């Protein structure tokens, strides 16, 4: 991999994140480390979105159920449950993309 910065040519060396040994530059993205035999994969692009949508869905459901426990029966509870349901549907889509990309 080549990186051009401030007029100089730098060659970035791929290293194993577990043992630090150098990897072959022409190896594919998913490769096994020759020293420690761990599989090295690129990061999943959907991981942050998966965590964020799961957290939002859980918080919305906890807020809605907490207000029902304290007997606050306003019309806004239906709005919160609707948002939580839509967030859950979006979470299912993100989970599909996350596991399709390879967790």
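Where a number appears in this text, it was derived from the coordinates with a stated rule and is not lab data. Quick caveat, the model's predicted, so the values are computed rather than measured. Cβ coordinates were reconstructed from backbone atoms using ideal geometry, including for glycine residues, and neighbour counts include every protein chain displayed.
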Two pseudo-spin positions, 7 Å from Cα along C-beta at residue 30 and at residue 58, lie apart in nanometres by 2.7
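Dividing the alpha-carbon Rg of the stretch 47-101 by 2.2 N^0.38 Å yields what?
Details: Rg = 13.0 Å, N = 55, 2.2 N^0.38 = 10.1 Å.
Here the Cα radius of gyration is 1.29 times the empirical estimate.
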Once label points are set 7 Å from the Cα along Cα→Cβ at both residue 22 and residue 47, what is their separation, rounded to one decimal in nm? 2.6
All-pairs Cα distance distribution in the chain, expressed in whole percent, bin size 10 Å: 13, 24, 21, 17, 13, 9, 2
What's the extension gain from residue 79 to residue 101 if we count 0.36 nm per residue and subtract their Cα-Cα distance? 4.6 nm
Residue 13/residue 65 FRET efficiency (R0 41 Å; Cβ-Cβ; nearest 0.05): 0.20
